[in-house]
1. With a sphere of radius 14 Å drawn around the Cβ of Gly112, what net charge do the other residues whose Cβ falls strictly inside it have (Lys, Arg +1; Asp, Glu -1)?
2. Kindly write out, for the stretch 111-121 in residue order, the coupling ³J(HN,Hα) from the Karplus curve 6.51 cos²θ - 1.76 cosθ + 1.60 (θ = phi - 60°), rounded to whole Hz, with x marking Gly and Pro.
3. What nm distance separates the two modelled labels at Ser58 and Asp109, each placed 7 Å from Cα along Cα→Cβ?
4. Long-range amide H contacts for Val57: which residues qualify at under 5 Å (H placed 1.01 Å from N, peptide plane, sequence gap of 5 or more or a different chain)?
5. Whose amide H sits under 5 Å from the amide H of Ala118, counting only residues 5 or more places off or on another chain, with H placed in the peptide plane?
6. Listed highest first by mean packing, meaning other Cβ atoms within 10 Å per residue, what order do 97-109, 27-39 come in?
7. Give me a comma-separated list of calculated 3J(HN,Hα) values for the stretch 40-48, in order, Karplus coefficients 6.51, -1.76, 1.60 applied at θ = phi - 60°, integers in Hz, x for any Gly or Pro.
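Any read-out appearing in this document is the output of simple, stated calculations on the displayed coordinates, not a laboratory observation. A quick note: this is a predicted structure, and the numbers were derived from the prediction, not measured. We place every Cβ from the backbone using ideal geometry, glycine too, and count neighbours over all the protein chains shown.
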Amino acid sequence: MAYLLAEDLRPSNSLWRNRLFFSRLLEYEVWITLNRRGFVERCGESARALIERIAFVSLNDRVLARALAPFPGATAVRTVDAIHLATCDYLSGRGQRISLASYDLRLLDAAGAIGISAFDLNPALP
């Protein structure tokens with residue numbers, strides 16, 4: 001999202017060398033945020049280009065059921081985060097090698113607690 005909104009937070013170029021999988025929920029998050037902020041005209045084409053590079057995972061019954069269960073070591077996992085974590089867990093269970101990329105340290109910690117490697121998008125401090 002920061003990439004689309006031209007915020008100072010930008011993912012490392014190394015992230016784009018990997019195949020990107022996301023919960024279908026991300027597509028809704030992108031468009032709802034752009035609509036809410038009135039940025040569709042400014043960022044819509046970039047959003048479409050980004051979305052075309054992503055392989056989306058459906059919100060199937062297994063993903064949604066996993067999102068309902070607690071995540072070990074994770075306190076205060078938000079609803080959207082639980083769905084993203086459940087998607088990672090689902091893909092990992094199907095033999096995919098998964099890393100979760102995020103700026104959110106709580107989400108990265110929760111991913112680590114379920115054995116998902118984390119790709120911290122926060123800029124390194126000098």
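1. -4
2. 3J(HN,Hα) across the stretch 111-121, in whole Hz: 4, x, 5, 9, x, 9, 5, 10, 10, 6, 8.
3. The modelled label-to-label distance comes out at 3.5 nm.
4. Residues meeting the amide H criterion: Phe22, Ser23, Arg24.
5. For Ala118, the qualifying residues are Leu100.
6. My ranking of the peptides, most packed first, is 97-109, 27-39.
7. For the stretch 40-48, the Karplus-derived couplings read 4, 5, 6, 10, x, 5, 5, 4, 4 Hz, x marking Gly and Pro.
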